[in-house]
Amino acid sequence: EPEVTQTPSHQVTQMGQEVILRCVPISNHLYFYWYRQILGQKVEFLVSFYNNEISEKSEIFDDQFSVERPDGSNFTLKIRSTKLEDSAMYFCASSRDFSGANVLTFGAGSRLTVL
Amino acid sequence: AQSVAQPEDQVNVAEGNPLTVKCTYSVSGNPYLFWYVQYPNRGLQFLLKYITGDNLVKGSYGFEAEFNKSQTSFHLKKPSALVSDSALYFCAVRDGTGGFKTIFGAGTRLFVKA
């Protein structure tokens, strides 16, 4: 069964450092997403991406965040200058289409710890 | 704005007993409703969805969910729980009027005791 893969599984970084989280979506999917989950809290939408541009973003997704699809397979989330409150589990997801009924396929997540 | 509430942090049930995990939602248009499950060290996995039609939808692993428009609820159910059902369950909603985001609840941890 096709999977969404994420790397690294866990990253520890110092406050103020840049972090890049990587994702390989399912190959025939066209829509890509990042979500995050702060420990014990809800899964929060960050951004959706289609046709090489952001289609929607939340208020969490400020200028410190950026996404990119540098090649035909990878989808990355960059945090420019990490803050303590960025510590969370970050999930990448993809879907085949944009219909309201679309199902998201998630990766296993990247745990980010900011010290 | 869309929102989802899962009022229980944890649900405990004995193996073989029926289980219910509660979810209520708020959307401005017709809702698309989903349940996802997360096992340890895994991503969220799709269980079932309601788009339109019958209020009772059936999904993977014997789970089902009942859509109740008047109560704006979409509770997850299973007639007979298994220990292997123990996991974290997320209810999610997507606004039928458009937009790209699916909104998730805080999750409910289901613990099934043998």
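Read the figures in this text as sums done on the coordinates, not as results from a lab. Keep in mind it's a predicted model, so treat the numbers as computed, not measured. A quick note on method: Cβ atoms are made from the backbone with ideal geometry, for glycine too, and the neighbour counts reach across all protein chains shown.
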Residue B:80 paired with residue B:5, simple spin-label distance in nm, labels 7 Å along Cα-to-beta-carbon = 3.5
Taking every other residue with Cβ under 12 Å from the Cβ of residue A:48 and scoring Lys and Arg +1, Asp and Glu -1, one gets +1
How many nm separate the modelled label positions at residue B:51 and residue B:69, each set 7 Å beyond the Cα in the direction of the Cβ?
-> 1.8
For the protein assembly as shown, what percent of Cα pairs sit more than 28 Å apart?
-> 30
Can you pick out the pairs among B:22/B:69; B:22/B:58; B:78/B:101 whose Cα atoms lie more than 23 Å from each other?
-> B:78/B:101
